[in-house]
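Engineer: Handing you this structure, nothing more for now.
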Amino acid sequence: MVTDIPYEQIKIGEKASFSKTITQEDVSQFAELTGDFNPIHIDDEFASKSMFKKRIAHGMLTSSLISVVLGTKLPGANTLYLSQNLKFLAPCYIGDTLTATVEVVDKKDDKNYSILKTIVTNQLGIDLVQGEAVVKKIIA
């Protein structure tokens, strides 16, 4: 279900989350979709010799879960994603369950902008990605 929170009802401190387990199929489809066939993502032998010792999911795949929250939960429908900065802190392994959480930290009423803290954690509570997004509520 997609929510549509009007700008006026968005509150500083409000949070929303989305969780997903990253599968081999997700990584393969992301590589096909983007053309990013870096062997750290798709080649077991190559990845076994890396600092990670096994394949990792694309960083942009893990961070894309933030978009799910923004477009379907907070602020929801009619949200225009204006900017995002990201800091990648730890790898996502195939089979990890990720949770993307956004929190409203500021609002710019003159432009209907919301500034949100964004974070993606794994099932162990380890922060994989941190950042900040700026979104604008638009009228349908």
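Engineer: Inspect all residues belonging to segment 118-130 and state whether any of them is touching a residue at least 60 places away in the same chain (Cβ under 8 Å) and either within 14 Å of S17 (Cβ to Cβ) or in contact with a strand residue (DSSP E or B) (Cβ under 7 Å, 6 or more places away or on another chain) (or both). Break it down into steps so the answer makes sense when it comes.
Structural biologist: First, pick out the residues of segment 118-130 that are touching a residue at least 60 places away in the same chain (Cβ under 8 Å): 128-129.
In the following step, the residues that additionally are either within 14 Å of S17 (Cβ to Cβ) or in contact with a strand residue (DSSP E or B) (Cβ under 7 Å, 6 or more places away or on another chain) (or both) were identified as 128-129.
Checked segment 118-130: at least one residue is touching a residue at least 60 places away in the same chain (Cβ under 8 Å) and either within 14 Å of S17 (Cβ to Cβ) or in contact with a strand residue (DSSP E or B) (Cβ under 7 Å, 6 or more places away or on another chain) (or both).
Engineer: Moving on to the next point. If T101 satisfies all but one of (1) within 25 Å of I126 (Cα to Cα); (2) in a helix (DSSP H, G or I), what's the number of the condition it fails?
Structural biologist: (2) is the only condition that T101 fails.
Engineer: Of the residues that make up segment 73-89, is at least one farther than 20 Å from K11 by Cβ, under 14 Å from the mean Cα position of the chain (by Cα) and aliphatic (A, V, I, L, M)?
Structural biologist: yes
Engineer: While we're here: Considering only residues that are among the aromatic types (F, W, Y) and buried (at least 17 other Cβ atoms within 10 Å of the Cβ), which ones fall in segment 11-59?
Structural biologist: From segment 11-59, those among the aromatic types (F, W, Y) are 18, 30, 37, 46, 52; that's our starting set.
Those that are among the aromatic types (F, W, Y) and buried (at least 17 other Cβ atoms within 10 Å of the Cβ): F18, F30.
Engineer: Residues of segment 104-128 being closer than 24 Å to I139 by Cα and in a loop (DSSP other than H, G, I, E, B), which ones?
Structural biologist: Passing the criteria: D109, D110, K111, N112.
Engineer: So, one more: What single numbered condition from (1) in contact with a Gly (Cβ under 7 Å, 6 or more places away or on another chain); (2) within 17 Å of T23 (Cα to Cα) fails to hold for Q84?
Structural biologist: (2)
Engineer: Only one residue in S50, S28, S17 is polar (S, T, N, Q), in contact with a helix residue (DSSP H, G or I) (Cβ under 8 Å, 6 or more places away or on another chain) and assigned to a helix (DSSP H, G or I), so which one is that? I'd like the intermediate steps shown before the answer.
Structural biologist: Numbers: S50 fails: assigned to a helix (DSSP H, G or I); S17 fails: assigned to a helix (DSSP H, G or I).
None of the other options fit; the residue is S28.
Engineer: What are the residues in segment 77-98 that are part of a loop (DSSP other than H, G, I, E, B) and either within 21 Å of D4 (Cβ to Cβ) or of a type in the set (D, E, K, R) (or both), if any? It would help to see each step written out before you state the result.
Structural biologist: Kept after step one, since they are part of a loop (DSSP other than H, G, I, E, B), are these residues of segment 77-98: 77-78, 89-92, 94-96.
Matches in segment 77-98: A77, N78, D96.
A short reminder: the numbers here are calculations on the coordinates, not readings from a lab. These numbers come from a predicted model, not from an experiment. All Cβ positions, glycine included, derive from the backbone under ideal geometry; neighbour counts span all protein chains shown.
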